[in-house]
Amino acid sequence: MSNDCKKFYVTTPIYYVTAAPHLGSLYSTLLADVAARYHKIAGQEVFFLTGTDEHGQKIAQAAEKVGLHPKEFTDSFIESYKSVWSKYEIAYDYFIRTTDTAHIQAVQTWLQRLLDQGDIYKGSYQGWYCTPCESFVTEKDSIPVEQGQALVCPDCHRATGQVLESCYFFKLSAYQDRLLDFYENNPHFITPKERMAEIVNFVKSGLKDLSISRTTISWGIPFPGDDAHVTYVWADALNNYITAVGYGDDARADELAKWWPADLQIMGKDIVRFHAIYWPAFLMASGLAMPKKLLVHGWIKVADQKMSKSLGNAVDPMQLAADYGVDEIRYYLTRKMAITQDSEFKFEDIEQSINSELANAFGNLLNRMATLVVKNDATNLNAPAVWSQSSLELQNQCKALVLDVEQLVSDGMFYRAVARIWDYINLVNAYFHEHEPWKIVKHDRAQFLEIMSAAAHSLQVIGVLLWPVMPDKMEIMLVSLGCPFDRHKNYMKEFASMSWKNSFIIQQIATLFTKSEIKKEDIVQTTPIDHKHEQKVEQVAVVQESKPAAIENDQKEFIGIEDFAKLDLRIGTIVACEIVTGSDKLVKSQVDFGDLGMRQVLSGIRKAYSPENLVGKQALFVVNLKPRKMMGHDSQGMMLLALDEIAGLQLMSPVGHVKSGSKVG
């Protein structure tokens, strides 16, 4: 998120229009919107592209089934995409369709240029083809099958079909060495790095020339100079990223020079090969620069299955927005879906996010601060002439927050950026609790005003940094602080100086986040066709009835002192900490217990604490639990935490630093 660059160009994949958008489509688009907004608050001019992929055999077949021309069929879905994007405040700049005349003409111009320079030639293809994924499958790609059986697509797990036809080929094999050199010289081209390793290994195994035309279908861009062929979907679709900003149109050459290369291209892991191999090779052949970064996210899974329209487990975004709120779902998806791996969609996680984090930790902080200043006639808040040491420490943490978020956004780690903001929210809550302004106001008004000003300064920074994630709610909050959001301001530059000299006019507002009481078990989207061949979207919401709470026994079960004496409680110092791959809850800590030595402890606290913010902390542990394996890792103890209704999970640490391994009890 460098301020040195004045522009930022971000793209989503273009979506195949055979049904209305589901949560997986929204997730990719939301990440792009969040990225675009972060770069706007850094003072950059942003171009955000999304759109739809509307050619190919799959669409032709789906349209034929309902008796529609393919263009009519795809037209019927465009409004549903735009409606969902509008509902979720997706502020795209251009919505491209591959059926747009300008795109079709630009692709034909591109094909003709590559034909003229010898990068495309005519031949014939015999092999296995996956219609749903619009991709050719080789034996090395296929899921293992018995000899003589049809190969199985590695992406959708469906059987492929044999094709034998005349086609045009792009000389992909000629670019193998150049691609490997590019990957070596640009090791951060793909995030996360594991995806880069997969691509490098695939290219090293050998590239074959790529079929880029079909004769067995007619729904596609006509191949220049040969009406018997239409352009294969990936040679058509991938070019949308350049045709949208003027490629192929001499009158728009300045526009292309301004925006290309793209700064960030976002996609799911199932299409990374097309974007990381075919697309760079196409660009090399065209003499165009490479995109700066591909951000490849995992799948959203439901009951351990990839969310997809074909599996019938797609979650309807419009129903989610109606039940939980737009900004609440934007927050849940941005923070809880880890970009680096697949993530499980769970309604209980949405509700926990809203209740514990948004309503309690964040909303209550704003509400308590506003209530105190209104009650004590202090709504006009000015910064003190001199800050106390504890407030200066909070200010320094605020500076560190801004730098950390800036770096994490630059790395494409939006979920970690939001987690880092939450660490700071917890810190402000702790500052608030420690100073007890509701008591201090009775005997030291100046200190009370300082605490309120520190909280207001912190909330302003938090509000701006969370604006890309929850734009509506944060604009409301910033108005309540008397500092309305300014879409034209370079906030990151302003925060870099971090003087904390602002004045605020505080006003109380309605509750920012309402606790959720909805208990859902499933919200599934299907797209049935009625007898008149009209596309309809049916939302099925299955409500889980809440079970009556168990009647508590009046007689509590007491334990004796001899039971308590069995526990060995120690203070440990966390010297290293990392996430546990494959888990969205666990962190793995190396903990120094002094004379007991170093132990590995796994804790399910990743949603409350990021690993880097645990290093150096002291915490309370049970050290004589029987060791057990969690996600394949040994855990030799248990970390104990307090669950505060406002601040959420909090480490139980000694007031001052103590010797590692000190006994408690």
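When Gly412 is tested against (1) on the phi < 0 side of the Ramachandran plot; (2) not in a helix (DSSP H, G or I); (3) not β-branched (Val, Ile, Thr), only condition (1) is not met. Checking the stated criteria, Glu134 turns out not to satisfy the condition of being of a type in the set (Asp, Glu), modelled with pLDDT under 80 and over 29 Å from the mean Cα position of the chain (by Cα). Per the listing Val245, Val200, the residue uniquely part of a helix (DSSP H, G or I) and β-branched (Val, Ile, Thr) is Val200. (1) of a type in the set (Ser, Thr, Tyr); (2) farther than 30 Å from Leu23 by Cα; (3) outside the structural domain of Ala454 (by TED's automatic domain parsing): which one isn't true of Thr371, the others all being true? If we test Thr371 against (1) of a type in the set (Ser, Thr, Tyr); (2) farther than 30 Å from Leu23 by Cα; (3) outside the structural domain of Ala454 (by TED's automatic domain parsing), just (3) comes out false. Looking across the range 468-496, the residues that are assigned to a helix (DSSP H, G or I), surrounded by 19 or more Cβ atoms within 10 Å (Cβ to Cβ) and within 23 Å of the chain's Cα centre (by Cα) come down to Pro471, Lys473, Met474, Tyr491, Met492.
Based on this model, can you work out whether Asp93 counts as at negative phi, of a type outside the set (A, V, I, L, M, F, W, C) and more than 35 Å from the chain's Cα centre (by Cα)? No, not satisfied. Condition check: surrounded by 20 or more Cβ atoms within 10 Å (Cβ to Cβ) and within 19 Å of the chain's Cα centre (by Cα). Does Ile41 satisfy that? So Ile41 passes the test. Taking the condition farther than 21 Å from Ile221 by Cα and among the aromatic types (Phe, Trp, Tyr), does Trp128 pass? Judged against the criteria, Trp128 is a match. In the range 86-132, what residues are in contact (Cβ under 8 Å) with a residue 60 or more places away in the chain and in contact with a Cys (Cβ under 6 Å, 6 or more places away or on another chain)? Of everything in the range 86-132, those that are in contact (Cβ under 8 Å) with a residue 60 or more places away in the chain and in contact with a Cys (Cβ under 6 Å, 6 or more places away or on another chain) turn out to be Tyr125, Pro132.
Could you go through the range 57-80 and let me know if any residue there is under 27 Å from the mean Cα position of the chain (by Cα), closer than 25 Å to Ile242 by Cβ, assigned to a strand (DSSP E or B) and hydrophobic (A, V, I, L, M, F, W, C). No, the range 57-80 contains no residue that is under 27 Å from the mean Cα position of the chain (by Cα), closer than 25 Å to Ile242 by Cβ, assigned to a strand (DSSP E or B) and hydrophobic (A, V, I, L, M, F, W, C).
Residues in the range 102-111: is at least one assigned to a loop (DSSP other than H, G, I, E, B) and either in contact with a Lys or Arg (Cβ under 8 Å, 6 or more places away or on another chain) or surrounded by fewer than 23 Cβ atoms within 10 Å (Cβ to Cβ) (or both)? Scanning the range 102-111 turns up no residue that is assigned to a loop (DSSP other than H, G, I, E, B) and either in contact with a Lys or Arg (Cβ under 8 Å, 6 or more places away or on another chain) or surrounded by fewer than 23 Cβ atoms within 10 Å (Cβ to Cβ) (or both). Flag: Lys65 does not match the condition of being in contact (Cβ under 8 Å) with a residue 24 or more places away in the chain, under 30 Å from Tyr491 (Cα atoms) and either surrounded by fewer than 20 Cβ atoms within 10 Å (Cβ to Cβ) or not β-branched (Val, Ile, Thr) (or both).
If I filter the range 333-348 for residues that are among the aromatic types (Phe, Trp, Tyr), in contact with a Lys or Arg (Cβ under 9 Å, 6 or more places away or on another chain) and either surrounded by fewer than 22 Cβ atoms within 10 Å (Cβ to Cβ) or not assigned by TED's automatic domain parsing to the domain that holds Phe448 (or both), do I get at least one hit? Yes, some residue in the range 333-348 is among the aromatic types (Phe, Trp, Tyr), in contact with a Lys or Arg (Cβ under 9 Å, 6 or more places away or on another chain) and either surrounded by fewer than 22 Cβ atoms within 10 Å (Cβ to Cβ) or not assigned by TED's automatic domain parsing to the domain that holds Phe448 (or both). Could you say whether any residue in the range 390-409 is closer than 30 Å to Asn186 by Cβ, of a type outside the set (Asp, Glu), under 33 Å from the mean Cα position of the chain (by Cα) and not in a helix (DSSP H, G or I)? So far as the range 390-409 goes, no, none of its residues is closer than 30 Å to Asn186 by Cβ, of a type outside the set (Asp, Glu), under 33 Å from the mean Cα position of the chain (by Cα) and not in a helix (DSSP H, G or I).
Taken over the range 420-440, residues that are touching a residue at least 24 places away in the same chain (Cβ under 8 Å) and either of a type in the set (Lys, Arg) or not assigned by TED's automatic domain parsing to the domain that holds Glu450 (or both) amount to 1.
Here is a yes/no grid of residues against (1) polar (S, T, N, Q); (2) in contact with a strand residue (DSSP E or B) (Cβ under 9 Å, 6 or more places away or on another chain):
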site	(1), (2)
Thr340	yes, yes
Phe347	no, yes
Val374	no, no
Thr379	yes, yes
Gln389	yes, no
Leu394	no, no
Gln397	yes, no
Leu401	no, no
Asp404	no, no
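Contact map, the range 476-493: residues that are closer than 17 Å to Phe362 by Cβ paired with residues that are of a type in the set (Val, Ile, Thr), Cβ distance under 6 Å, separation 6+ or inter-chain. Pairs shown: Ser480/Ile509. In the range 593-616, the residues that are at positive phi form Cβ pairs under 9 Å with partners that are assigned to a loop (DSSP other than H, G, I, E, B), at six or more places apart or across chains, as follows: Gly594/Lys659; Gly594/Ser660; Gly594/Gly661; Gly594/Ser662; Gly597/Gly661. Annotation: Pro280 fulfils all but one of (1) out of contact with any strand residue (DSSP E or B) (no Cβ under 7 Å at 6 or more places or on another chain); (2) surrounded by fewer than 21 Cβ atoms within 10 Å (Cβ to Cβ); the unmet one is (2).
Name every residue in the range 365-389 that is surrounded by 16 or more Cβ atoms within 10 Å (Cβ to Cβ) and either part of a strand (DSSP E or B) or small (Gly, Ala, Ser) (or both), in order of residue number. The answer is Ala370, Ala378, Leu381, Ala383.
A search for C-beta distances below 7 Å between a residue of the range 381-400 that is within 17 Å of His433 (Cα to Cα) and any residue that is small (Gly, Ala, Ser) and surrounded by 14 or more Cβ atoms within 10 Å (Cβ to Cβ), counting only pairs 6+ apart in sequence or on different chains, returns Ser391/Ala454; Leu394/Ala454; Leu394/Ser458. Answer yes or no as to whether Tyr121 is surrounded by fewer than 17 Cβ atoms within 10 Å (Cβ to Cβ), of a type in the set (Phe, Trp, Tyr) and over 29 Å from the mean Cα position of the chain (by Cα). Against the criterion (surrounded by fewer than 17 Cβ atoms within 10 Å (Cβ to Cβ), of a type in the set (Phe, Trp, Tyr) and over 29 Å from the mean Cα position of the chain (by Cα)), Tyr121 qualifies. Selection of the range 410-450 for residues being aliphatic (A, V, I, L, M), within 37 Å of the chain's Cα centre (by Cα) and over 30 Å from Asp263 (Cα atoms) yields Ile425, Leu427, Val428, Ala430. The single residue among Ala456, Ala446 that is buried (at least 22 other Cβ atoms within 10 Å of the Cβ), among the hydrophobic types (A, V, I, L, M, F, W, C), in contact (Cβ under 8 Å) with a residue 60 or more places away in the chain and out of contact with any Ser or Thr (no Cβ under 8 Å at 6 or more places or on another chain) turns out to be Ala456.
The strands (runs of 3 or more DSSP E) located wholly in the range 586-665 that include 3 or more residues which are of a type outside the set (D, E, K, R) and over 27 Å from Ala400 (Cα atoms) occupy 598-603. From the list Thr52, Thr29, the lone residue that is part of a helix (DSSP H, G or I), within 21 Å of His275 (Cα to Cα) and β-branched (Val, Ile, Thr) is Thr29.
Okay, residues lined up against (1) surrounded by 14 or more Cβ atoms within 10 Å (Cβ to Cβ); (2) at pLDDT 95 or above; (3) at positive phi:
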site: Lys171; (1), (2), (3): yes, yes, no
site: Gln176; (1), (2), (3): yes, yes, no
site: Asp181; (1), (2), (3): no, yes, no
site: Glu184; (1), (2), (3): no, yes, no
site: Ile190; (1), (2), (3): yes, yes, no
site: Lys193; (1), (2), (3): no, no, no
site: Ala197; (1), (2), (3): no, no, no
site: Val200; (1), (2), (3): yes, yes, no
site: Lys204; (1), (2), (3): no, yes, no
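The values are calculated or read from the model by the stated rules, or taken from the named source; none is laboratory data. No experiment lies behind these values; they were computed from the predicted model shown. Positions of Cβ are backbone-derived with ideal geometry, glycine not excepted, and every protein chain shown enters the neighbour counts.
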